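Asker: Sending over a structure as C-alpha cells; questions will come in a sec.
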Amino acid sequence: MLLYELIQLLLKDPLQFVIAIIILVVPLLISITIHEWAHGYTAYKFGDPTPAMQGRLSFNPFAHLDPMGALMLFIIGIGWAKPVEINPNNIQDKFKLMLVALAGPASNFILAAIFILVLYFLVAAFSINPLANGIVIDGIKAVTVIMLMLIIKINLALGLFNLIPLPPLDGANALSNLLPDNLAEIYFRLAPFSLPILLVLMISGGISYIFDFALIIQKTLLIWIDSLFFNVL
C-alpha cells in the first residue's frame, strides 16, 4: 500500500519523503478542488444558491476537504472531497441536474487537457522524453515534469472514477436524471451497497486499472500532440 511505501521512504530518506508528499498532495488538492468547485458553480449558475451559501464556490482546498478522503489518499493513493450539496428544487430540470453531475468529471478532463499541453511544451523545451523508460532528470526539472504528469494522470483517473454509475458518484447522479422517477428511485436503492463495493475496489487494488487506463490516455494524447507540433518524443 502507498502508506507502507511512504513510511519506508521516510525512514530511508526524509528529504525524498517530503518531496514525495508534495508531489502527491499538490496535484490531488488541485484536482478535487476544481472538481467540487465545478459542481457548485454549475448548480449556482442554474439557479441554486446552496453551494454559495455553504462556501463551496471557493478555490480554497480546505473548503472541500473530507477527513476520510484525505486519509485514503495516504493509504491507497486516491482520495475524495466533501460532495457539494445542491437543492434540486431550485433547478427542477433533469437535463440541468445531469450537467451539474457531469461538471465535476468534465472539469477534471479539461484540467488534464490544459496540463498535458503545458507538459508537452515543457518537455520539448527541456529536450526530455517523458515516455522513455529509465529517464533521469535532475533538480527542478524532475519535480516539475513528475508533478505535471501526476496532475494529468490524477485528473484523468478522477474523472473516470467518478463516471462509475454507482451512487453517490457523479456517473450515478447523471444516469439517474435520464431515468423516469420510479426507476431512478429503485436505482438509488443501490446506494447502501455502493460504498462497500467502492472500498473493496480501492483496497484490493482494482482502482489501479483506472490509473492504468488514465496512463494509456495520457501517453496517447502526448503522442498525438507531438505529431501536431515538434515530433520530439
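Where a number appears in this text, it was derived from the coordinates with a stated rule and is not lab data. Predicted model, so just to flag it, every value in this text is computed and none were measured. Here the Cβ positions follow ideal geometry from the backbone for every residue, glycine too, while neighbour counts run over all protein chains shown.
Asker: Give me the distance in nm between label points sitting 7 Å out from Cα along the Cα-to-Cβ direction at Ile146 and Ile223, one decimal.
Answerer: With each label point 7 Å from Cα toward Cβ, the separation is 2.6 nm.
Asker: Can you pull the one-decimal nm distance between simple spin-label points at Asp93 and Ile186, each 7 Å off the Cα toward Cβ?
Answerer: Rounded to a tenth, the inter-label distance reads 2.9 nm.
Asker: When N counts the residues of the chain, how does its alpha-carbon radius of gyration compare numerically with 2.2 N^0.38 Å, as a ratio?
Answerer: 1.10
Asker: Over region 77-233, what relative contact order in percent results from Cα pairs under 8 Å that are six or more residues apart?
Answerer: Normalised by residue count, the contact order of region 77-233 is 30 percent.
Asker: Right, something else. For Phe59 and Val25, what does the FRET efficiency come to when R0 = 25 Å and r is the distance between their Cβ atoms, rounded to the nearest 0.05?
Answerer: Computed FRET efficiency for Phe59 and Val25 comes out at 0.95.
Asker: What length, rounded to one decimal in nm, is gained on full extension from Phe109 through to Ile203, with 0.36 nm per residue of separation minus their alpha-carbon distance?
Answerer: Stretched out fully, the Phe109 to Ile203 stretch lengthens by 31.4 nm.
Asker: Also, quick follow-up: How high is the FRET efficiency between Leu195 and Phe230 when r is their beta carbon distance and R₀ equals 45 Å, given to the nearest 0.05?
Answerer: 0.45
Asker: A further question follows. Would you check the chain for Lys pairs whose C-alpha atoms are within less than 26 Å, ignoring same-chain pairs closer than 8 in sequence, and give me the count?
Answerer: 10
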